[in-house]
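Single-structure report; data block below.
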Amino acid sequence: MKTKLFVCFLLICGSIFAQNKYPVVDQINLTDYKAGSVNKIWLQLGDDGFSNPILIPVIIAKGSSEGEVIGLTASIHGNELNGIPIIQNVIASLDATKMKGTVVAIPGLNPLAIANNQREFIDLQDLNRLFPGKKDGNRSQQMAYQIAQKIIPLLNYHVDLHTASFGRVNSLYGRGDMKDDTLSTMLRILDPDIIVSNKGVASFGEASGLTMRAYAISKGVKSITLEYGNPQVYQADMIERGTKGVTDLLKWLGFTQGTVTVPPARNVCSKSYWIFTQKGGYLDVLVDLGQKVKKGDHIGILKDPFGAVVEEVNAPEDGVVIGKSSNPVNISGGRIIHLGILE
């Protein structure tokens, strides 16, 4: 028992020491930071149940000359981790003394969910459906409000890094308004396999608020979303592609030196939606990520515990498979595939 208590004590002390290595701030004032420097801070977004601050890690790379500000955010959903090493790699590659403007990078926007290995905030609400939040709202509404007030106003550009959630897998795809020339080019430089053209309205989910991207856009920020693969894992190929894409984007926007060739857009979709089971059972998804399907193509089969087929599912229209279920066990209303409708 004494050994266990001592280990717990060391873990607590280690956590406190790790936080105290970097300054804790309640607000970010970019004029406080020296030109040509990289700064690591903790930003407070409310308090936890022990009256300790809820802290998110923020890295501020401030160039030697004045310019615009780009935000890089990852893990607003706590199980979406591929964006964290992408941000870490990008920051490690920067020489702030040769930069113009400022990069505000947040490798972990939902710390309580990350620590709990879960998608949602501590009250099981989806933070990315609650913007702009409420100053005097419930727990998740206040967290969204803090993000909306303390981070979004700093930015001119924004890339929000996501992955699929539990029980699903994703292609590398982007979301943004392809009718906006800047957003279209930002997406093309990041080179996703599929692009869903929209203005930030959530394609699914029950909460009535805006996504962070939609809220940022409403405030004049040029914001896009990239989905990098699968939940609760690091995927080397996704991380490599994401690092290159964001690094190239910084060049194109003029934050760093160098030239970039803008690739053509691939597989642009005018809309997308999930197809759901009508019955319950064990699901076998019969199509692959990125596969193009025709109306009537067989995309899934559902069997009961004895192996009898209870439902066969066909594509309702032509499209491309953006994401799909990876969990065979489904009740009625289970996800099958995320179908993009090509322009």
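Residues in the range 48-90 that are open to solvent by 20 Å² or more (accessible area, probe 1.4 Å), assigned to a strand (DSSP E or B) and either modelled with pLDDT under 95 or among the hydroxyl-bearing types (Ser, Thr, Tyr) (or both): how many?
The total comes to 1.
Can you run down the residue pairs with Cβ atoms below 7 Å, 6 or more apart or on separate chains, where the first is in the range 140-156 and within 18 Å of residue 223 (Cα to Cα) and open to solvent by 10 Å² or more (accessible area, probe 1.4 Å) and the partner is polar (S, T, N, Q) and not in a helix (DSSP H, G or I)?
Listed by first residue and then by second, the contacts come to 150/27.
Sort through 126, 181, 177, 136 and tell me the only one that's among the acidic types (Asp, Glu) and in contact (Cβ under 8 Å) with a residue 60 or more places away in the chain.
126
Just to be sure, is residue 134 part of a loop (DSSP other than H, G, I, E, B), farther than 23 Å from residue 103 by Cβ and in contact with an Asp or Glu (Cβ under 6 Å, 6 or more places away or on another chain)? So that I can check it myself, show each step before the final result.
Numbers: part of a loop (DSSP other than H, G, I, E, B): yes; farther than 23 Å from residue 103 by Cβ: yes; in contact with an Asp or Glu (Cβ under 6 Å, 6 or more places away or on another chain): no.
Taking the combined requirement at face value, the residue does not satisfy it.
Given the conditions (1) within 22 Å of residue 177 (Cα to Cα); (2) touching a residue at least 40 places away in the same chain (Cβ under 8 Å); (3) exposed (fewer than 15 other Cβ atoms within 10 Å of the Cβ), which single one is not true for residue 318?
Answer for residue 318: the failing condition is (2).
Yes/no matrix, rows are residues, columns are (1) more than 28 Å from residue 67 (Cβ to Cβ); (2) of a type outside the set (A, V, I, L, M); (3) open to solvent by 30 Å² or more (accessible area, probe 1.4 Å):
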position: 98; (1), (2), (3): no, yes, yes
position: 108; (1), (2), (3): no, yes, no
position: 112; (1), (2), (3): yes, no, yes
position: 115; (1), (2), (3): yes, no, yes
position: 122; (1), (2), (3): yes, no, yes
position: 138; (1), (2), (3): yes, yes, yes
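Tell me, which residue of the range 1-47 that is under 29 Å from residue 121 (Cβ atoms), open to solvent by 70 Å² or more (accessible area, probe 1.4 Å) and in a loop (DSSP other than H, G, I, E, B) is modelled with the lowest pLDDT?
For the range 1-47, the residue satisfying everything is 21.
Please return the ranges of strands (runs of 3 or more DSSP E) entirely within the range 196-300 where 2 or more residues are open to solvent by 30 Å² or more (accessible area, probe 1.4 Å).
Filter on the range 196-300 gives 268-276, 281-285.
The values are calculated or read from the model by the stated rules, or taken from the named source; none is laboratory data. In this text, all values refer to a predicted model and were calculated from it rather than measured experimentally. Counting neighbours? That spans all protein chains shown, and the Cβs are built from the backbone with ideal geometry, glycine included. Just so you know, the surface numbers come from the protein's heavy atoms only, side chains and all, with ligands and any DNA or RNA stripped out. Shrake-Rupley method; radii C 1.70, N 1.55, O 1.52, S 1.80 Å.
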